[in-house]
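Heads up, the thing below is written out as structure tokens.
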Amino acid sequence: MSYSRRNFLAGSGAVIFTTGVAATSVFNSRQSVSEDDTTPNVRYGMVHDETACIGCTACTDACREVNKVPEGVSRLEIVRSEPQGEFPNVDYRFTRNSCQHCENPPCVYVCPTGAAYKDEKTGIIDVHKDKCVGCGYCLAACPYQVRFFHPVDKSADKCNFCRDTNLAQGKQPACVESCPTKALIFGDLNDKGSEINQVLSNKPVYRDKSHLGTKPKLFKVPHQKGEIS
């Protein structure tokens, strides 16, 4: 049976999930992806080194240009903290906000059409745009609130590690290539000798909201000052 935006929304009645409810109810009722599936040959992940990030936003600009992201929406953001320290020794913490490419992705579990999916060859969480009916369930289910509706094609969108652009051409994601301080490290988590695994082995890292069991593949080297949120 094929789905369209019109016939899905017409047949869905008045079922509406509030933020958090969709993620919790469906996420808890199904087995995790990592438990059901075999280990992929490649499992891409990323490290954002907050000690090296200077908040220049070259990554966001490169992402927008390479992936043709329209104005008004963004696949990634660099968030600046409140000032830390006292003048003249004031510092800031910069952290990345983007898709976490979870091993256990709530957005995939709540999608009624299979539009949101996990690519088992790469571990990348992505969207089949032709299957997206615009229901918004995945936006509500994402604990990181990093999904948005593309203003042109009206489908759910987010970071996919430049899967269709740079990655398809054998390059690093645009954000990684553009970073002047090498604050972003991208690679295969299944390759013990990869640069990303070397960083994970030698530096302290944390993951956002890891207590939820989503198993994010976006790791962060914490800034020396301030609290980690």
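The values are calculated or read from the model by the stated rules, or taken from the named source; none is laboratory data. Because the structure is a prediction, the values reported are computed rather than measured. FYI the Cβ positions are ideal-geometry reconstructions off the backbone, even for glycines, and counts take in every protein chain you see. Just the protein is used for accessible areas: all its heavy atoms, side chains included, with ligands, DNA and RNA removed. Shrake-Rupley method; radii C 1.70, N 1.55, O 1.52, S 1.80 Å.
Things worth noting here:
- Any hit, the stretch 202-219, residues being over 18 Å from Cys53 (Cβ atoms), surrounded by 18 or more Cβ atoms within 10 Å (Cβ to Cβ) and of a type outside the set (Gly, Ala, Ser): yes
- Matching residues, the stretch 142-161, being among the charged types (D, E, K, R) and surrounded by fewer than 17 Cβ atoms within 10 Å (Cβ to Cβ): Asp153, Lys154
- The residues of the stretch 111-135 that are touching a Cys at 6+ places or on another chain (Cβ under 7 Å), crowded, with 22+ Cβ neighbours inside 10 Å and not small (Gly, Ala, Ser), listed by number, are Cys111, Ile125.
- Cys138 satisfies every condition listed in (1) open to solvent by 10 Å² or more (accessible area, probe 1.4 Å); (2) out of contact with any strand residue (DSSP E or B) (no Cβ under 6 Å at 6 or more places or on another chain) except (2).
- Residue that is open to solvent by 70 Å² or more (accessible area, probe 1.4 Å) and within 18 Å of the chain's Cα centre (by Cα), where the choices are Asp164, Asp188: Asp164
- Qualifying residue in the stretch 52-60 (condition: open to solvent by 70 Å² or more (accessible area, probe 1.4 Å) and modelled with pLDDT of 55 or more): yes
- Test: residue in the stretch 95-110 that is surrounded by 19 or more Cβ atoms within 10 Å (Cβ to Cβ), among the aliphatic types (A, V, I, L, M), assigned to a helix (DSSP H, G or I) and under 16 Å from the mean Cα position of the chain (by Cα): yes
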